[in-house]
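Presented below is the structure to which this report refers.
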Amino acid sequence: MIKKTDLHPDGAIFARGSADDKGQVYMHVKAFEAMMQTDSLACNIKFMIEGEEEVGSENLDLFVKANKEKLQADVILISDTSMISLEHPSVTVGLRGLAYMEVEVTGPNRDLHSGTYGGAVANPINILCQMIASLQDEKNRITIPGFYDKVENYADAYRQALNEAPFDLADYKKKLAIADVHGEEGFTTIERVGIRPTLDVNGIWGGYTGEGAKTVLPSKAYAKISMRLVPNQDHKEIARLFENHFKAIAPASVQVKVTPHHGGQAAVVPTDSPGYRAAEAAIMETFGKTAIPTREGGSIPITSLFQKELGLDPILLGFGLDTDAIHSPNEHYGVKNYLIGIETIAKFFQHFRKELS
């Protein structure tokens with residue numbers, strides 16, 4: 001078992017959102033405060049803080065489109081990502097997109113006695129499980145027709161460069177308490193997370209789940225399913241492909257309803273921009289090491305939104321760690337990460353000003 005002190009010897013902040021993303025947002029506030037107190041503010045700064053990222057940021061989308069003039073800038077800095085480690089600082093240069101769906105499978109018009117009707121009437125939970133299982137083949141490739149049509153196949157040289165990032169597979173498995181990794185055949189763990197699309201069931205329910213036993217054949221079964229997408233995959237198109245396929249594979253004994261929730265596009269940012277060079281210089285100054293560009297598996301839909309609507313490539317300068325238990329109980333953010341994040345953000349603005357002068 002990994003001890004908390006092993007992860008963060010200097011202490012950690014335990015709270016939902018400590019790493020994803022309230023703690024990282026607050027680093028910017030404290031960096032600004034420090035620059036004001038030391039008369040070292042190198043440029044004008046605009047803050048945009050919103051709390052709907054986990055549900056798609058639909059209102060932010062509307063706000064950005066309606067306020068392009070107000071939001072004009074030379075660079076956008078986002079801290080909602082992680083780095084490899086404090087020993088190997090990194091800057092995220094790629095994020096996956098997202099299509100999030102909810103499915104409902106209905107059989108009989110009410111819950112039935114599983115003894116009286118079992119074996120004669122379709123069980124929606126059984127059917128749903130079979131349908132979900134069919135969404136990936138024996139090589140863990142997604143079986144939705146057209147799903148891979150626009151997925152880029154990267155050259156061997158690029159894949160090799162990705163895999164040069166520090167990564168210890170044995171340590172990765174140990175920290176997650178798993179015997180082995182799992183994913184699309186023919187790709188490494190780094191590639192599966194960074195440059196390949198995925199499909200995951202985020203929740204599944206139906207029937208009786210209370211204490212004790214109740215022998216019902218349920219009327220309905222539900223699941224929430226998300227697909228992480230890569231560049232060129234449009235989340236609306238993928239949602240349509242999913243819905244069409246999921247309805248097509250349903251047997252006549254059930255009815256299927258598919259409801260799209262939020263989604264977003266994948267994003268890749270260049271490593272030759274003034275903003276990226278400023279991030280590299282800031283990390284060199286605070287960490288004493290060269291930043292490693294990485295592709296991250298999560299989704300930040302506003303990244304592609306800013307690229308499209310404002311014509312700016314955001315710099316994704318995050319300081320979380322993969323071990324911070326984000327979206328889980330006991331989420332935490334290292335005090336050292338928090339403090340060095342504040343320092344690096346302040347240095348970023350100083351170096352960015354030099355890049356423009």
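The values are calculated or read from the model by the stated rules, or taken from the named source; none is laboratory data. Being a predicted model, the structure only gives us computed values, none of them experimental. All Cβ positions, glycine included, derive from the backbone under ideal geometry; neighbour counts span all protein chains shown.
Scan (1) aromatic (Phe, Trp, Tyr); (2) over 28 Å from Ile340 (Cβ atoms); (3) in a loop (DSSP other than H, G, I, E, B) for the single condition Phe63 breaks and write down its number.
(3)
Can you name every residue in the stretch 91-108 that is buried (at least 21 other Cβ atoms within 10 Å of the Cβ) and among the small types (Gly, Ala, Ser)?
Gly97, Ala99, Gly107
Would you mention how many residues in the stretch 162-172 are in contact with a strand residue (DSSP E or B) (Cβ under 9 Å, 6 or more places away or on another chain) and either surrounded by 12 or more Cβ atoms within 10 Å (Cβ to Cβ) or part of a helix (DSSP H, G or I) (or both)?
So the first thing to find is which residues in the stretch 162-172 are in contact with a strand residue (DSSP E or B) (Cβ under 9 Å, 6 or more places away or on another chain), and the list is 162, 164-166.
Narrowing further to those that are either surrounded by 12 or more Cβ atoms within 10 Å (Cβ to Cβ) or part of a helix (DSSP H, G or I) (or both): 162, 165.
Counting residues in the stretch 162-172 that are in contact with a strand residue (DSSP E or B) (Cβ under 9 Å, 6 or more places away or on another chain) and either surrounded by 12 or more Cβ atoms within 10 Å (Cβ to Cβ) or part of a helix (DSSP H, G or I) (or both) gives 2.
I'd like to check something: does the stretch 40-51 contain any residue that is at pLDDT below 95 and under 19 Å from Tyr333 (Cα atoms)?
Within the stretch 40-51, one or more residues are at pLDDT below 95 and under 19 Å from Tyr333 (Cα atoms).
Output the residues belonging to the stretch 198-223 that are surrounded by 15 or more Cβ atoms within 10 Å (Cβ to Cβ) and among the aromatic types (Phe, Trp, Tyr).
Tyr222 - this is the single residue of the stretch 198-223 that is surrounded by 15 or more Cβ atoms within 10 Å (Cβ to Cβ) and among the aromatic types (Phe, Trp, Tyr).
Do any residues in the stretch 304-324 that are over 20 Å from Phe287 (Cα atoms) have Cβ atoms under 7 Å from those of residues that are of a type in the set (Lys, Arg) and in a loop (DSSP other than H, G, I, E, B), where the two are at least six apart or on different chains, and which pairs are they?
Short answer, once both residue conditions are applied: Glu309/Lys68; Leu310/Lys68.
Taking the options Gly146, Gly203, name whichever one is outside the structural domain of Gly297 (by TED's automatic domain parsing) and assigned to a loop (DSSP other than H, G, I, E, B).
Details: Gly203 fails: assigned to a loop (DSSP other than H, G, I, E, B).
After ruling out the rest, the residue left standing is Gly146.
Collect the residues in the stretch 296-310 that are in contact with a Lys or Arg (Cβ under 9 Å, 6 or more places away or on another chain) and either part of a loop (DSSP other than H, G, I, E, B) or at pLDDT 95 or above (or both), keeping them in residue-number order. Even if it seems obvious, please write down each step before you answer.
Our first condition is that a residue be in contact with a Lys or Arg (Cβ under 9 Å, 6 or more places away or on another chain); within the stretch 296-310, this holds for 296-299, 305, 309-310.
Across the stretch 296-310, the qualifying residues are Gly297, Gly298, Ser299, Glu309, Leu310.
Residue by residue through the stretch 26-39, note down the ones that are out of contact with any Phe, Trp or Tyr (no Cβ under 9 Å at 6 or more places or on another chain) and touching a residue at least 12 places away in the same chain (Cβ under 8 Å). It would help to see each step written out before you state the result.
Taking the stretch 26-39 first, the residues out of contact with any Phe, Trp or Tyr (no Cβ under 9 Å at 6 or more places or on another chain) are 33-34, 36-39.
Ala34 - this is the single residue of the stretch 26-39 that is out of contact with any Phe, Trp or Tyr (no Cβ under 9 Å at 6 or more places or on another chain) and touching a residue at least 12 places away in the same chain (Cβ under 8 Å).
Within the stretch 112-157, track down each residue that is of a type in the set (S, T, N, Q) and within 15 Å of Ala223 (Cβ to Cβ).
Keep residues of the stretch 112-157 that are of a type in the set (S, T, N, Q), which gives 114, 116, 123, 126, 130, 134, 136, 140, 143, 153.
Of everything in the stretch 112-157, those that are of a type in the set (S, T, N, Q) and within 15 Å of Ala223 (Cβ to Cβ) turn out to be Asn123, Asn126, Gln130, Ser134, Gln136.
Taking into account only those residues within the stretch 324-341 that are buried (at least 20 other Cβ atoms within 10 Å of the Cβ) and not acidic (Asp, Glu), which is farthest from Ala31 (Cα to Cα)?
Of the stretch 324-341, the ones buried (at least 20 other Cβ atoms within 10 Å of the Cβ) are 324, 331-334, 337-338, 341.
Right, trim to not acidic (Asp, Glu) and you get 332-334, 337-338, 341.
On the way: His332: 20, Tyr333: 17, Gly334: 17, Asn337: 13, Tyr338: 11, Gly341: 9 Å.
Applying the filter and picking the extreme gives His332.
Taking the options Ile249, Ile302, name whichever one is surrounded by 20 or more Cβ atoms within 10 Å (Cβ to Cβ), out of contact with any strand residue (DSSP E or B) (no Cβ under 7 Å at 6 or more places or on another chain) and either among the aliphatic types (A, V, I, L, M) or under 30 Å from Gly107 (Cα atoms) (or both).
On the way: Ile249 fails: surrounded by 20 or more Cβ atoms within 10 Å (Cβ to Cβ).
Within the list Ile249, Ile302, the selection yields Ile302.
Output yes when any residue across the stretch 111-132 is assigned by TED's automatic domain parsing to the domain that holds Val230, in contact (Cβ under 8 Å) with a residue 12 or more places away in the chain, out of contact with any helix residue (DSSP H, G or I) (no Cβ under 7 Å at 6 or more places or on another chain) and surrounded by fewer than 13 Cβ atoms within 10 Å (Cβ to Cβ), and no when none is.
Yes, the stretch 111-132 has at least one match.
Here's the yes/no breakdown for (1) more than 23 Å from Asn126 (Cα to Cα); (2) part of a helix (DSSP H, G or I); (3) within 21 Å of the chain's Cα centre (by Cα):
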site: Asp180; (1), (2), (3): yes, no, no
site: Ile190; (1), (2), (3): yes, yes, yes
site: Tyr222; (1), (2), (3): no, no, no
site: Ala239; (1), (2), (3): yes, yes, yes
site: Pro251; (1), (2), (3): no, no, no
site: His262; (1), (2), (3): yes, no, yes
site: Pro270; (1), (2), (3): yes, no, yes
site: Ala278; (1), (2), (3): yes, yes, no
site: Ile283; (1), (2), (3): yes, yes, no
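Among the residues of the stretch 138-154 satisfying the criterion of being without any contact (Cβ under 8 Å) to a residue 60 or more places away in the chain and exposed (fewer than 12 other Cβ atoms within 10 Å of the Cβ), which is farthest from Pro251 (Cα to Cα)?
Looking at the filtered set, the residue picked out is Asn153.
Could you list all residues from the stretch 192-220 that are of a type in the set (A, V, I, L, M) and more than 21 Å from the chain's Cα centre (by Cα)?
Pass one, the stretch 192-220, residues of a type in the set (A, V, I, L, M): 193, 195, 199, 201, 204, 213, 216-217.
Those that are of a type in the set (A, V, I, L, M) and more than 21 Å from the chain's Cα centre (by Cα): Ala213, Val216, Leu217.
Condition check ((1) exposed (fewer than 15 other Cβ atoms within 10 Å of the Cβ); (2) hydrophobic (A, V, I, L, M, F, W, C); (3) touching a residue at least 24 places away in the same chain (Cβ under 8 Å); (4) assigned by TED's automatic domain parsing to the domain that holds Gly297) across all residues:
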residue: Ile225; (1), (2), (3), (4): no, yes, yes, no
residue: Pro231; (1), (2), (3), (4): no, no, yes, no
residue: Glu243; (1), (2), (3), (4): no, no, yes, no
residue: Gln255; (1), (2), (3), (4): yes, no, yes, no
residue: Thr259; (1), (2), (3), (4): yes, no, yes, no
